[in-house]
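Peer 1: Okay, handing you the structure first.
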């Protein structure tokens, strides 16, 4: 059970209801993750704005984004973020073999060069809190500087969201089972 209640729109202040409406309008609904975060409407709204960019506006290649999201979720042991992003990863062309390699901490070994460069970059920033010149240059040659900035924003958002939801013990949507083990 989540450590905070899942907020209901009708119990919120007018300002809170406005935040709810903005989140609902941008996503077609308010999922459990935001129903939990809406215990602080101002923080939820701000986080949702960043999430809106990384989900809907970034020009980052969908495959690069999906690799970054899964790697960030795995590094955070973020069951919610990992599980709800499986469909998007598959739609971006990420096969079961690559998903398994990330889940089982085998990646980037065995991945194609571009995929390996993305995963290695994310692993380094999350594990060592910096990126080596060799890793940066390898990814830069694949996607360019502007895309690296977007990649870092995507990683920051999803890694942070995974930690938020883990700390609040937010469960997956009803009927959904985690495919992630610790």
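Values in this text are rule-based calculations from the coordinates and carry no lab data. A quick note: this is a predicted structure, and the numbers were derived from the prediction, not measured. Please note: Cβ atoms are built from the backbone with ideal geometry, for glycine as well, and neighbour counts cover all protein chains shown.
Peer 1: Mind listing whichever residues of the range 49-71 are more than 12 Å from the chain's Cα centre (by Cα), in a helix (DSSP H, G or I) and crowded, with 17+ Cβ neighbours inside 10 Å?
Peer 2: 63, 64, listed by residue number.
Peer 1: Is one or more of the residues making up the range 101-118 at positive phi and either part of a helix (DSSP H, G or I) or in contact with a helix residue (DSSP H, G or I) (Cβ under 8 Å, 6 or more places away or on another chain) (or both)?
Peer 2: Taking every residue of the range 101-118 in turn, at least one turns out to be at positive phi and either part of a helix (DSSP H, G or I) or in contact with a helix residue (DSSP H, G or I) (Cβ under 8 Å, 6 or more places away or on another chain) (or both).
Peer 1: Against the definition (in a helix (DSSP H, G or I), within 15 Å of the chain's Cα centre (by Cα) and over 20 Å from residue 44 (Cα atoms)), how does residue 74 come out, yes or no?
Peer 2: So residue 74 passes the test.
Peer 1: Going through 30, 4 one at a time, which residue ends up being more than 20 Å from the chain's Cα centre (by Cα), within 18 Å of residue 173 (Cβ to Cβ) and either in contact (Cβ under 8 Å) with a residue 12 or more places away in the chain or not in a loop (DSSP other than H, G, I, E, B) (or both)?
Peer 2: Working: 30 fails: more than 20 Å from the chain's Cα centre (by Cα).
After ruling out the rest, the residue left standing is 4.
Peer 1: Tell me whether the range 109-119 contains one or more residues that are over 17 Å from residue 61 (Cβ atoms) and either free of Cβ contacts under 8 Å to residues at least 60 places away in the same chain or buried (at least 18 other Cβ atoms within 10 Å of the Cβ) (or both).
Peer 2: yes
Peer 1: Consider the range 128-147. How many of its residues are crowded, with 17+ Cβ neighbours inside 10 Å and under 17 Å from residue 63 (Cβ atoms)?
Peer 2: Count: 5.
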